[in-house]
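The values are calculated or read from the model by the stated rules, or taken from the named source; none is laboratory data. Computed from a predicted structure; not experimentally measured. Cβ sites come from the backbone with ideal geometry, for glycine too, and all protein chains shown count toward neighbours. Surface areas here come from the heavy atoms of the whole protein model, side chains and all, with no ligands, DNA or RNA. Shrake-Rupley method; radii C 1.70, N 1.55, O 1.52, S 1.80 Å.
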Amino acid sequence: MQMLTKFESKSSRVKGTAFHPKRPWVLASLHNGSIQLWDYRMGTLLDRFEEHEGPVRGISFHPTQELFVSGGDDYKVKVWNYRTRRCIFTLQGHLDYVRTVYFHPEQPWIISASDDQTIRIWNWQSRQCIAVLTGHNHYVMCAQFHPTDDLVVSACLDQTVRVWDISGLRRKSAAGAQPMMNDPLSAQRMGAQGDFFNVTDVVVKFVLEGHTRGVNWATFHPTMPLVLSCGDDRQVKIWRMNESRAWEVDTCRGHYNNVNSALFHPKRDFILSDSEDKTIRVWDTSRRTLLQTFRREQDRFWCLTAHPELNLFAAGHDNGLVVFKMERERPAAAIHQNTLLYVKDSQIRLHDFSSANDAPMITIRTAPAGQYLPPPRSISFNPAEKAVLVTSDAEGGSYDLYSLPRQFNGQAADSGQARRGGGSCAIWTGRNRFAVLDKAQQQILIKDLSNQTTKTIKTPVVVESIFAGPGSQILLATATSVVLFDVQTRQTLGEISASPVKYVVWSSDMSTVALLCKHTVTLASKQLEQLCQIHETIRIKSAVWDDSGVLLYSTLNHVKFALPQGDSGIIRTIDNPVYLVRVQGGDLHCLDREGGVQVLKIDPTEYRFKLALVHRNYEEVVTIIRNSNLVGQSIIAYLQKNGYPEIALHFVRDDTARFELALECGNMDIALETAKAIDKPAYWDKLGQEALRRGHVQIVELAYQRVRAYDKLSFLYSITGNTDKLVKMQKIAISRDDPQSRLQGSLYLGDVEDRVRVLRESGQLSLAYLAAKTHGLVEEAEAIREAAGVEEADIVGLPSPKSAALLQPATPVLRYTELDWPQLHVTKGIFDGKFSFGDKGAAGPRPGKSRVADLAAAAADGDEAGGAWDIDDTDDIRDGAAGGHTGDDADLLGDEAEGEGGWGIDDDGELDAELAAEATAAAAAGFVPPQPGLSELELWSRNSPLAVDQIAAGNFERAMKLLRDQVGISSFDALKPAFLEIYTASRSILTMAPFSEASRIPLRRNAGDATEPSQFLPARMYNLASSMEQLQQGYRATTAAKFDEALVLFKQLLLSLIFVAVETTEDASEVKQLLQISREYVIGISIELERATVAKEEATEENSARLVELAAYFTHCQLRADHEKLALRLAMNTAYKHKCFKAAGEFAQRLVDLVPAPQIAEKARKMITICDRQSRDSLPIDYDARNPFVVCAASHAPIRKGEATVNCPYCQASYKPEFEGGLCRVCTISQIGAKATGLRSLASLD
């Protein structure tokens, strides 16, 4: 038996420890007055609580609530909330040191033991003492509740252990009576809990006397009627009790100093005790013999705690605490083909993966009476001989060779005479031989099936363990490396550096191997050439290879994957450690610590996607992207890092990241789209630079316009020869009063008159005169000279007009100002054109982004118009580029025609002759009229299964039948206007000539794409874009508290969604989201309107309670975050106004969790503080936030989990059963409880 240390801390003396029942946390109460909260898996200090004055001796977590309790030498019992990180309240009443504190497993009670010779039971909800247990006449060192019965055990320095019966206290509490003992002296005068009527709540059931000195600890057995005690007499005593008496069973002797605590092992027949003799001892419960002693040289042990669910223990000593377990919990297992062999309950069991059958095969040896046998560490299976090697740590390392039965009948067979030998490791190296490591002699013994040694090999290095390898090869694990060794040739074939290896996992084809260490995974080839190494901060537990060559491994709380190229990631989280044995598609088979076989569901999409990219299997990459929801920042960073920005564009959601990725991969369309969404000068500058580099003139122009880079625009127009826009730039410069831009523009245009005018207006008369004189503007030059008051004779040094040449702008070779330049060559990637997310200008969502989710998050996009400078001609460019495939199509058709000969589809001349003859005969017989075809309306009706298209075709009866079947509509009155609008909007009236009948022209929604009659569909009146606009209007009305208007808008939206037809499953899911949002807002606003009505009525207790209830129900509607905050503020104020402090505190806490504005958050925190002092409701309100419920849409009353409910088949609003058969109050069209197939808005089911 070993103490397997899982965590150790260094601190002041630890006087108390406590495990959290679910999270990997342990509390330590210190002698210096501090309380530490540790994560023992990660080995990190999470928090520190310091309000006690003096040592803290008792500590305990609540089994279900976010609370823990502490008691210390300041006589105080404090209750803490570890989520808010503060002390909630303090229980005062003890008159001396508080030794231990514990929560009751079911009741809202705390028990505390104190040096004031009393034990107190507190109700932590009412924050009052409900019982004082007196009778001890010395310091009470410990008091604990029984896990299941109404009993309390206490230990005292008066050398006694007392068992108390608290059933009367439970009955009194259940009856509603709450003892009130605020005065400790009066409580003590009442004796052993006798009240004024001499009825006792707590009585002493047994007094156990046997210790010769003070008793430090006493505790119950979790399932048996046993009591364990220990004390300063250095003894651990076991007591048995029944209903009438209790007696001493036995005494465990061996400690040579005070024994401070002891406990029963929760899962094994062991007793653990710790002492000031610096040891923790393990005893056999049945034989009371000492099994093991764990010793520390410097530290005395003060406390010992067991985890309520896991095989973990915590012990506090002079310099900190240690978290440990006493034996390995990994089940020994081996895989062969489709079966799993593993050890459980001293049996080798066989599990079939395909049928999930599990049965025992043989029994293995068990521990002799009074001795301890460690569980098997590993198992190695020989399928050829049906033999199994089981290795354990017993006797310093030993193995057992078992022969499995040839005929398996599902019953465990006797193992017979197993062959046993010494050795720390035993593995099969061939059909009839196995290798055993003699660690002491550093030898490898090769043995046959009769367990006889046939060969002895001296190890080439100091070996710690051996593992199986391919063929006759084995792996020798040293302290710093792993060596590949051939036992036949006795040669070293390879070596790799690695930390001490604990487990080795080979792939199915033995081509790669995973070496598992404590915190690292090393992947290597079968020659031990390292492929990659992955480091983890927490322990690695197991691993298994996927068929595709990906390693899946488990840590304490995650299942992860590792690619041979070094990439890794998280697949899923797990609550408790598991040991992986096999992966099949999305099923991960594993063993838990109890030896049970589990199947975890996993999503292998991410690692298969990355593996396909590594192997350049681009077709599989495209398939995965199309058929999965692969999103997340990690996959985006991975794609960008590995040179696939064009694929990352289809996952990224953030506009800034999409902009950078688009520039990186040269996708200027998406770069332009995201720049419009961001609309910041820095991004427009960056876009303009990249577009200029790539030759996208129009995008450069747009970018310069958005940032008002007038000089750059003028230069761009100059070099592209766009003189028309240069003239416009001059006008803009005049309006801006910018003479510098005007002068520059006049130079670009070669306009001398304008240049002279600008210089003259700017006061540069000398330059103006020089320009005018040089270019022959005599009259203008004279006017300037006269204005300057200079005589012509005084002007010297003028250039000769004969040598002057007018500066003119360069004439472009091509004046196609709307075309881009010859662009920088961009290699077409394998993924270009592989994905289709719809027209950029349509209402469809961007890849990876839901528009309904955007609206629900109140993330409204900016206006893309951008003012008068929004000159965007990129649609024309895209349209021009999209039409260049006709030649390819023609080639394809030609190839198809040429290839028909191989299929035996040759032209048949005889058939043509017969057809020609029939045609001639018909012509001779006379005129044959053609058969009438189908009208456009009939085609619409045939081509679509949607009700909205049937309405457009005029087939009202079929549309109504479809809606009855799909959403259970029983009243079409509210839909009549929509029916008529859809029918009218699907056709147009065209008058051909005066006095002639007007022609009715059907309008198609796919007129440009439909080429076959089977594709004709009517125009849409209702679409997803208009629905989302109406949703925004409803949001705005709700924010402005215009509830009547908002109710009308959301009801209209609810009815219009029936007629929305979409083309993709993504749009169909958004229609469902809109339906759910509309329903929640209709119900929520209806509740608020009823609350406003009740508020105007007389202020009775019933009306006040109803006001609080309605405000509370409103907060449970699924609203947008800002509206939920408003609802919580309303509910908080309403509850506080009517003195429902408990409810108000809950609303305030929920409001704080939503992170509101600072001033609102501050007010909510003050509300929490006030309400915590008065945690009660003055009104009897029907509201419990901890009991899940939905609100009945008719009565606005809660329907709690487990209660009967009926739903509207269209909007899914919930109702109580008495409303079944009536008309839905939310959508006003469907029958409550009617059976329906569900609304269909997607025409195609592909």
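With a bin width of 5 angstrom, please list the P(r) values of the stretch 1111-1177 as percents of all Cα-Cα pairs, from the 0 bin to the one holding the largest distance.
P(r) for the stretch 1111-1177, in whole percents per bin: 4, 21, 32, 25, 14, 4, 0.
Can you work out the FRET efficiency for the pair E529 and R616, with r the C-beta to C-beta distance and R0 = 30 Å, to the nearest 0.05?
Numbers: r = 22 Å, r/R0 = 0.74.
It comes to 0.85.
Of the listed peptides 698-711, 279-292, what is their order by residue-averaged count of other C-beta atoms within 10 Å, with the highest listed first?
Values: 698-711: 21.1, 279-292: 17.6.
Order by mean packing, descending: 698-711, 279-292.
In Å, what is the Rg of the alpha-carbon atoms in the stretch 1118-1235, and how long is Dmax?
Cα-based Rg and Dmax for the stretch 1118-1235 come out at 17.2, 51 Å.
What accessible area per residue comes out for the stretch 1-127, rounded to a whole number of Å², with a 1.4 Å probe?
Numbers: 4760 Å² over 127 residues.
It amounts to 37 Å² per residue over the stretch 1-127.
Taking Rh as the Kirkwood radius, which is the inverse of the mean 1/r over Cα pairs, what is the Rg/Rh value for the stretch 316-378?
Working: Rg = 16.7 Å, Rh = 14.2 Å.
My calculation of the ratio gives 1.18.
Hey, if you drop one equal point scatterer on each alpha-carbon of the stretch 511-612 and run the Debye formula without solvent, what base-10 log of I(q)/I(0) do you get at q = 0.11, 0.17, 0.23 Å⁻¹?
-0.29, -0.72, -1.30
On average, how much accessible surface per residue is there in the stretch 568-615, in Å², for a 1.4 Å probe, leaving out ligands, DNA and RNA? Let's see the in-between values first.
Numbers: 1920 Å² over 48 residues.
Ligands and nucleic acids excluded, the figure is 40 Å² per residue.
If I histogram all Cα-Cα distances within the stretch 86-125 using bins 10 Å wide from 0, what percent of pairs lands in each bin?
Pairs per bin, as whole percents: 28, 55, 17.
For T251 and Q292, what is the calculated FRET efficiency with R₀ set at 22 Å and r taken between the beta-carbons, to the nearest 0.05? Show your work: numbers first, answer last.
Values: r = 19 Å, r/R0 = 0.85.
Taking R0 as 22 Å, the efficiency between T251 and Q292 is 0.75.
To two decimal places, what compactness ratio does the stretch 250-327 give when its Cα radius of gyration is scaled by 2.2 N^0.38 Å? Intermediate values should be presented prior to the final figure.
Values: Rg = 11.7 Å, N = 78, 2.2 N^0.38 = 11.5 Å.
Ratio of Rg to 2.2 N^0.38 Å for the stretch 250-327: 1.02.
By how many nm would the segment from T363 to S762 lengthen if fully extended, with 0.36 nm per residue of separation less the alpha-carbon distance? Don't skip to the end; give the middle numbers.
Numbers: separation 399, 0.36 × 399 = 143.64 nm, distance 10.77 nm.
In short, 132.9 nm is gained.
Would you mind listing how long the stretch 214-371 runs along its three principal axes, going by Cα atoms, in whole Å with the largest first?
61, 44, 27
Please work out the Cα center distance from the stretch 370-407 to the stretch 1077-1149, rounded to the nearest Å.
The stretch 370-407 and the stretch 1077-1149 have Cα centres spaced 67 Å from each other.
Could you tell me the calculated FRET efficiency between R539 and T44, based on Cβ-Cβ distance and R0 = 22 angstrom, to the nearest 0.05? Walk me through the intermediate numbers first.
Working: r = 14 Å, r/R0 = 0.65.
Computed FRET efficiency for R539 and T44 comes out at 0.95.
Between the stretch 311-337 and the stretch 256-303, what is the separation of their alpha carbon centroids in Å?
Each part's Cα centre sits 16 Å from the other's.
Order these peptides, 253-259, 236-242, 551-557, by their mean beta-carbon neighbour count within 10 angstrom, highest first. Show your work: numbers first, answer last.
Numbers: 253-259: 17.6, 236-242: 19.1, 551-557: 21.9.
So the peptides 253-259, 236-242, 551-557, ranked by packing, come out 551-557, 236-242, 253-259.
How big, on average over all directions, is the shadow cast by the Cα convex hull of the stretch 679-771, in nm²?
Working: hull surface 25.6 nm².
Result: a mean projected hull area of 6.4 nm².
Considering only Cα-Cα distances, which of the following residue pairs are longer than 29 Å: K22/K205; K325/K386; K10/K518; K447/K526; K1096/K1163? Walk me through the numbers on the way to the answer.
Numbers: K22/K205 34 Å; K325/K386 34 Å; K10/K518 22 Å; K447/K526 25 Å; K1096/K1163 27 Å.
From the list (K22/K205; K325/K386; K10/K518; K447/K526; K1096/K1163), the Cα-Cα distance tops 29 Å for K22/K205; K325/K386.
With the radius of gyration and the Kirkwood radius both derived from the Cα set of the stretch 1055-1198, what is their ratio Rg to Rh? Could you put the intermediate results ahead of the total?
On the way: Rg = 17.2 Å, Rh = 16.4 Å.
When Rh is taken as the Kirkwood radius, the ratio is 1.05.
Extending each Cα 7 Å along its Cβ direction at D269 and H558, get the distance between those two points in nm, one decimal.
Using points 7 Å along Cα→Cβ, the separation is 4.3 nm.
Which of rounded, prolate or oblate describes the stretch 475-531 when judged by the alpha-carbon gyration tensor and an a/c cut-off of 1.5?
Numbers: a/c = 1.88, a/b = 1.23, b/c = 1.53.
Taking the square roots of the gyration eigenvalues as a ≥ b ≥ c, the stretch 475-531 is oblate.
Given the convex hull of the Cα atoms of the stretch 1035-1138, what is a quarter of its surface area in nm²? Mind dumping the intermediate values first?
Numbers: hull surface 28.2 nm².
Its Cα hull, projected and averaged over all orientations, spans 7.1 nm².
Can you give the local net charge around S1178? Use residues other than it whose beta-carbon is closer than 10 angstrom to its beta-carbon, Lys and Arg +1, Asp and Glu -1. Can you show the working numbers first?
On the way: positive: K1139, K1142, R1176; negative: E1101, D1177.
Value of the local net charge: +1.
What per residue convex hull volume, in Å³, comes out for the stretch 22-63 when only alpha-carbon positions are used?
Values: hull volume 2.8 nm³, N = 42.
Roughly 67 Å³ of hull volume per residue.
What is the sum of charges around A246, taking Lys and Arg as +1, Asp and Glu as -1, for the other residues whose C-beta is under 15 Å from the C-beta of A246? Intermediate results must be reported in sequence, preceding the final value.
Working: positive: R162, K205, K237, R240, R245; negative: D149, D165, E209, E243, E248, D250.
Charge balance in the 15 Å sphere: -1.
Which sequence of E276, E53 reflects their accessible areas, 1.4 Å probe, from the largest down? Write down the numbers at each step before the final one.
Values: E276 35, E53 135 Å².
Final ranking, largest accessible area leading: E53, E276.
Which semi-axis lengths, in whole Å and largest first, follow from the square roots of five times the eigenvalues of the Cα gyration tensor of the stretch 29-161?
Numbers: eigenvalues 114, 56, 40 Å².
The equivalent ellipsoid of the stretch 29-161 has semi-axes of 24, 17, 14 Å.
Carbon and sulfur: what percent of the stretch 246-399's accessible surface (1.4 Å probe)? Mind showing how you got there, number by number?
Details: 2460 of 5840 Å².
Carbon and sulfur together cover 42 percent of it.
Which one of L1075, T1169, I1085 has its Cα pushed farthest toward the positive end of the charge dipole of the stretch 1020-1170, where Lys and Arg give +1 and Asp and Glu give -1 at the Cβ?
T1169
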